[in-house]
Amino acid sequence: MNQNPKMIGTSPKRVDVREKVTGTARYGEDLRMAGMLYAKVKHAEYPHAKILSVKTARAEKLKGVAAVVTAADVPGNPAFGAIIIDNQPIAGDKVRYLGDAVAVVAAETEAIAEKAVNLIKVKYKELPGLFDPRESLKPDAPLIHEGGNLIVHHKTRRGDIAAGFADADRVIERSYSVQRVDHAYIEPEVVVAYFEPDGTLVVKGSHQSIFNIRSAVAGVMGLPLSKVRIVQASLGGSFGGKDDCMSVLGCRAGILALKTGRPVMLSNSREDSLVESYKRHPYFMDYKVGVKDDGTITAMEIKMVADGGAYASMTQFVTWRSVVHATGPYRVPHVKTDVYGVYTNNTYTGAFRGFGSPQITFAYESLMDEIAEQLGMEPLQFRRMNILHDNDITATGQKLDHTVSVGQALDVTTKAAGWEAKRKKFPEENAGRIIKHGIGLACSYRGVALGAEGVDATGAIVRIHPDGSVDLTTALVEMGQGLKTVFSQIAAAELGLPIGRIQYRKTDTSIIIDGGPTVASRSTIMGGSAVKKAAIGAREKLCQVVAVKLGVVPEDLIARDEKIMVKDDPARSVSFLDAVALALDAGLSLSSFGWHVSPPIWWDEEEGKGDAYFTYVYGCQIAEVEVDPETGKVNVIEVWAAHDVGKAINPDTVRGQICGGVATAIGYGLLEDVEMVDGVTKTMNLDEYLIPTAMDVGKINAIILENYDKYGPYGAKCIAEPTAELCAPAIANAVYHATGKRIRDLPLNLERIVLGHKLVKKKRRVR
Amino acid sequence: MIPFTLIRAESLQQALDFLSREGSNAKIIAGGTDLMVELRDLSPDAKGPDTILDITPVDEIRGIKDDGGTITVGALTPHREISTSPIILQAAPLLASACSTVGATQHRNIATIGGNVINGSPAADSVPALIALNAEAVFQSKSGERVSLLKDIYLKPYQTDIKDDEILTAIRFPHLPDGARSSYIKLGRRNALAISRMNVAVVLVIKDGKITEARISPGSTMPTPDRITVAEEIMIGEEPGEELFRRAGKAVSDEMINRSGRRWSTPYKEPVIAALTTRALWVAASEGV
Amino acid sequence: MKKLKLNITVNGISHTLRIAPNLRLLDLLREELHLTGTKEGCGIGECGACTVILDGRAVNSCLILAGQCEGREITTIEGVTPEDGLNPLQQSFLDNGAVQCGFCTPGMILSATALLHHNSTPTEAEIREAISGNLCRCTGYTQIVEAIQAVADGSKE
């Protein structure tokens, strides 16, 4: 029972904002240590080449240079990786993409380090490069790694695909592709590494997944996990992006710290970030759908190729999420999905908000509109015929035993947007106008948390101090999403305290056990549950002693308004502070650890089926656009975004996540593209890699739907990632509505809208 | 960043004196929004300018004057000042419009029109408007003043004929004819912080329902900026109209191909510059007084 | 490189410093004066994280040489923060959910400060234009615009 309803579902001010608005928050680059050196990387000069020799003597002799390290200086394992151990922080045998490091320099200043980098001479034997993932599995494709170019193949199988197509009145085939995009957090990656006197390596910096990073750094440094401490500085945005690439930075700086005995800062410029750090997987997607004339979908056969780039990173997990969700939130009795993640010599790809969903939603939601048109049906009508409902079975054979609210999301969003009227009105009005008006929608479902792809468990510690102040620690990190605030709310709610009494301890791997990464939109449902458990555990100790004092049983007591009081007789109470004193007098420990494990789920990799996630969320977004067909410019006038979050613990932060996710998807849909030609990144800074400005994002109407989920704290599920997976297809569908032009590749930039295809510059830009 | 000496010029004379001696190894900094990016791009061992000459204190070449016949814009005038100037808004609104689109607020506060002109980017935002205004560039050096039609200073992309000992001190242009209408359209990939994918400035004079004068200057279309006289001539003596403006637009895109050849970007640029020109002519004809 | 003598006022305090001629204003603030509230996001003036106020106008400090600021007045985020508490814009950002990761926030607040100084009753379009040089990847700008509008509306009373 929620003892403090006022704390949950309201929006207390975020607890971490004061330092951010005053400029006192300390981000990675703000860290300064006595004797600190600055590191710079000598990057690969070919996207695929054997390293024959690395000459560092001249660089080492430069005045002000403290050390130059190469692969020979790696004390532990040469590589790390989540599943495939293939990511080398300093390349030894060969370079596999232009972001690889061949040597790293530490010097008294960045300027000296840069000069030293230029003095390092490397001899290569160039190897043929592989840049198109559709070529990766051909027999004569260059081999990126020893074991072949296939990183992973996932499948989903349901029913009998041949029978499914036989059952159809028509079969529609379409292919879609999506581009490589960058997280473009405003803060580029940075670490400061140093050794404590006891031999513990500390790596501070812009970390997202601190335990993944610890694992990687420990392995490469040849240290036990207990001797590596990963400490998060204030994080200037991440969106999934500061994981493996931070491990890489941590290893490089760690090796230099080991060699020099001094703290080392390795700070990426924006160019370094755009070239080196992992991106979102480009996908090529082929869909074949069987439908009856009445609009019922009978079968889907789907094949996808994901460009994993030079290292596997999270490819296995990203593509697994895609294989589970590839059919969309629809009833499809016969399914055959195959998703292949492959290596190339492009920048490697990994986690980015959405994690395999923005790609597929662009495909299947564009496809739904295309099929509807073939059948002479309205897009909304066609979707309503096929969407999943309570207790339906998904493509992976899972029964959905919670409120399946995709229909509700469609209803609410279309009503709010004035959908019906605009669908009719705009084409009529467009006849006499140059600028065309259009409106389009997209809906999705999304499995919450890690799913059957891994063990999903996390912990929290609540400690009540003798003076009644409380601190809260979890294994999950604040990256701007509001985690500190929401977790503080939960602790405050369970302890009956105002939120200001909860001190959220910034997390680091030495103060709490590994609780998994802050990914998969798992923080509220998993971390929040752990916080709740920990807080309740602490409260129970207080109730235990107060019960004795008041002569009641603990079950009669609740914590509220800084008191422990009898539920049915609030006048009988003990103040929180007195309760603490009583507990301490009784020798009780007021440190409480909460551990939360996800409900059981499973996946059969051979059969391609399973209960992939323990719960799902549903959403719908509608985009109203203006398209100038003569120039290709698209303006997003207004967006309506409805998301079922189970319970909005803090509605303001939920709204913030929705608006942010929509803006990210506007960039994905219209502007962003990390262009690579023959392994060379052409978009080197934010003047060429374009994300939306305040003048590129129109009005965003965030609509929160709440369908209580039994697995979440107070019924809460998640918000972060579903928000970023819908606006791009909504825009594509709106562009079609406006112009009659169907474009099946992202981004819908100026040239694609005018010409229907991408324009490729023939010349390369030299770095 | 590469090392250099930084010298502040407290007056135009001081600046010119310096340039007459050391101009060949020096670069001028004003707003810095182009130069700083260039300097950052240089490898630390690269050979760059020995000296950077900071002319921001030279107030005498900042500001907008109107003597009734000619409007003179000091080269050091920032875009924000130009885009909000009552003189420019009244007498040369296409220039105000162009300057209001440069980068974002932060750029417009310090980037100067002189810098925009001398940087010589084919995508410069202000240049087509200035060319459509028949602007002149005024250079000063220790040896005196040199005036040139603005379009004639451009040798190739990113290169003007400015001499090592010269400073661009002003851009000036005559008042538009009575009743002239003008417009400026910029197409960028996004609505701020955007390079001109293409832009176009036009001026029309319409008397008794017929076009008596036309000026068209497109940007991001040719190696060096210019007025497209072949397109302008089509319209003289004709009534404004859809078909006429389309022909003029096509003439602009044809001339672009004539001068630049067919390139990787032509399939996009050809129809779009034609469309932008047509549109700019419409806007000028119907509203742009 | 011979050092340059520089007289500069930052947040109301006058400094006389000896600096390298090629030092950016951004680095003078962060390294010499240890005012780390101003951030570097791209180095080429395309993100606005380095925004400061120079003689009353918002500028990108990564594009200005410190030596160009002789005799001039710079205001950073530290300079608009009162001794105790928050100024109205900062408070409004807090109240209106306008801050997520916070990296763009100092620049945003300074752009907004400069805007409201010159135009105390901006329209939404004017607000969006004023912050169009400040990229944000977290918020989608909606709540930032609301926070600035709230201060503008408040000052009307």
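So is A:Asp307 outside any loop (DSSP other than H, G, I, E, B), touching a His at 6+ places or on another chain (Cβ under 7 Å) and surrounded by fewer than 24 Cβ atoms within 10 Å (Cβ to Cβ) or not? So A:Asp307 fails the test.
Using beta carbons and a limit of 9 Å, which pairs, at least six apart or on different chains, have the first residue in segment C:4-24 and within 13 Å of chain B (Cβ to nearest Cβ) and the second one among the aromatic types (Phe, Trp, Tyr)? What qualifies is C:Pro21/B:Phe4; C:Asn22/B:Phe4.
Within segment A:726-748, the residues that satisfy the criterion of being under 26 Å from the mean Cα position of the chain (by Cα) and among the charged types (D, E, K, R) are A:Arg744, A:Asp745. Of all residues in segment B:67-123, those that are under 16 Å from B:Asn199 (Cβ atoms), part of a helix (DSSP H, G or I) and of a type in the set (Gly, Ala, Ser) total 4. Per the listing A:Glu706, A:Glu672, the residue uniquely among the acidic types (Asp, Glu), in contact (Cβ under 8 Å) with a residue 12 or more places away in the chain and within 14 Å of chain C (Cβ to nearest Cβ) is A:Glu672.
Which ones in segment A:679-702 are more than 9 Å from chain B (Cβ to nearest Cβ) and touching a strand residue (DSSP E or B) at 6+ places or on another chain (Cβ under 8 Å)? Matches in segment A:679-702: A:Lys682, A:Val697, A:Gly698, A:Lys699, A:Ile700, A:Asn701, A:Ala702.
A count restricted to segment C:94-153 and to residues that are among the hydroxyl-bearing types (Ser, Thr, Tyr) and either more than 7 Å from every other protein chain (Cβ to nearest Cβ) or over 23 Å from A:Pro651 (Cα atoms) (or both) stands at 6.
Among residues that are within 11 Å of chain C (Cβ to nearest Cβ), closer than 22 Å to C:Ser61 by Cβ and polar (S, T, N, Q), B:Thr56 is included. Comparison of C:Ala66, C:Ala58, C:Ala49 shows that the only residue that is over 15 Å from the mean Cα position of the chain (by Cα) and among the aliphatic types (A, V, I, L, M) is C:Ala66. Check whether at least one residue in segment C:147-155 is surrounded by 22 or more Cβ atoms within 10 Å (Cβ to Cβ), in a helix (DSSP H, G or I) and within 13 Å of the chain's Cα centre (by Cα), and report yes or no. Within segment C:147-155 (the criterion being surrounded by 22 or more Cβ atoms within 10 Å (Cβ to Cβ), in a helix (DSSP H, G or I) and within 13 Å of the chain's Cα centre (by Cα)), the answer is no, since none of the residues qualifies.
For segment B:46-72, filtered to residues that are in contact with a Lys or Arg (Cβ under 7 Å, 6 or more places away or on another chain) and under 20 Å from B:Asn134 (Cα atoms), the residue that is surrounded by the most Cβ atoms within 10 Å (Cβ to Cβ) is B:Ile71. Kindly check whether there is at least one residue in segment A:93-100 that is buried (at least 23 other Cβ atoms within 10 Å of the Cβ), under 21 Å from A:Asn212 (Cβ atoms) and touching a Phe, Trp or Tyr at 6+ places or on another chain (Cβ under 7 Å). Yes: one or more hits.
Looking only at residues in segment A:2-35 that are within 14 Å of another protein chain (Cβ to nearest Cβ), in contact with a strand residue (DSSP E or B) (Cβ under 7 Å, 6 or more places away or on another chain) and crowded, with 17+ Cβ neighbours inside 10 Å, the one that is nearest to C:Asn96 (Cα to Cα) is A:Val15. Out of all the residues in segment B:253-265, which are within 13 Å of another protein chain (Cβ to nearest Cβ) and crowded, with 16+ Cβ neighbours inside 10 Å? Residues satisfying the conditions are B:Ser253, B:Ser265. Select from segment C:43-75 the residues that are under 23 Å from A:Val17 (Cα atoms) and surrounded by fewer than 24 Cβ atoms within 10 Å (Cβ to Cβ) and write down the one among them that is nearest to the other protein chains (Cβ to nearest Cβ). Selected residue: C:Ile53.
Here B:Thr212 clears all of (1) polar (S, T, N, Q); (2) over 30 Å from A:Glu751 (Cα atoms); (3) in the same structural domain as B:Ile82 (by TED's automatic domain parsing) except the condition numbered (3).
For A:Val697, the conditions (1) crowded, with 20+ Cβ neighbours inside 10 Å; (2) part of a loop (DSSP other than H, G, I, E, B); (3) in contact with a Ser or Thr (Cβ under 7 Å, 6 or more places away or on another chain) are fulfilled apart from (3). Among residues belonging to segment C:5-37 that are among the aliphatic types (A, V, I, L, M) and within 15 Å of the chain's Cα centre (by Cα), point out the one that is surrounded by the most Cβ atoms within 10 Å (Cβ to Cβ). The extreme case among them is C:Leu25. What do you reckon, is B:Ile29 free of Cβ contacts under 8 Å to residues at least 60 places away in the same chain, away from chain C (no Cβ under 13 Å) and under 25 Å from B:Val147 (Cβ atoms)? Taking the combined requirement at face value, the residue does not satisfy it. Filtering segment A:648-665 to residues that are among the small types (Gly, Ala, Ser) and either more than 8 Å from every other protein chain (Cβ to nearest Cβ) or under 17 Å from A:Ile525 (Cβ atoms) (or both) leaves A:Ala648, A:Ala665. If you go through segment A:146-169 one residue at a time, do you hit one that is more than 30 Å from C:Gly41 (Cβ to Cβ), of a type outside the set (A, V, I, L, M, F, W, C) and in a helix (DSSP H, G or I)? Yes, segment A:146-169 contains a residue that is more than 30 Å from C:Gly41 (Cβ to Cβ), of a type outside the set (A, V, I, L, M, F, W, C) and in a helix (DSSP H, G or I). For the structure I just gave you, tell me whether A:Thr344 is hydroxyl-bearing (Ser, Thr, Tyr) and within 20 Å of the chain's Cα centre (by Cα). Taking the combined requirement at face value, the residue does not satisfy it. For segment A:72-92, filtering for residues that are free of Cβ contacts under 8 Å to residues at least 24 places away in the same chain and either touching a Gly at 6+ places or on another chain (Cβ under 6 Å) or buried (at least 21 other Cβ atoms within 10 Å of the Cβ) (or both) leaves 1.
For segment B:190-226, the set of residues classified as surrounded by fewer than 24 Cβ atoms within 10 Å (Cβ to Cβ), touching a residue at least 40 places away in the same chain (Cβ under 8 Å) and among the β-branched types (Val, Ile, Thr) consists of B:Ile195, B:Ile206, B:Thr224, listed by residue number. Can A:Val192 be described as more than 30 Å from A:Thr361 (Cα to Cα), within 14 Å of another protein chain (Cβ to nearest Cβ) and modelled with pLDDT of 95 or more? So A:Val192 fits the description; yes.
Considering A:Val634, A:Val625, A:Val617, the condition of being more than 30 Å from A:Gly447 (Cα to Cα), in a strand (DSSP E or B) and more than 14 Å from chain C (Cβ to nearest Cβ) is satisfied by A:Val634 alone.
Restrict the check to segment A:40-53 and report whether at least one residue is within 14 Å of chain C (Cβ to nearest Cβ) and under 16 Å from A:Gly205 (Cβ atoms). No, every residue in segment A:40-53 fails to be within 14 Å of chain C (Cβ to nearest Cβ) and under 16 Å from A:Gly205 (Cβ atoms). Across segment A:582-608, the number of residues qualifying as more than 17 Å from A:Leu495 (Cα to Cα) and in a loop (DSSP other than H, G, I, E, B) comes to 12. Among the residues here, B:Glu270 does not qualify as surrounded by fewer than 18 Cβ atoms within 10 Å (Cβ to Cβ) and outside any loop (DSSP other than H, G, I, E, B).
The values are calculated or read from the model by the stated rules, or taken from the named source; none is laboratory data. All values reported here derive from a predicted model rather than from experimental measurement. Here the Cβ is made from the backbone with ideal geometry for all residues, glycine too, and neighbour counts use every protein chain on show.
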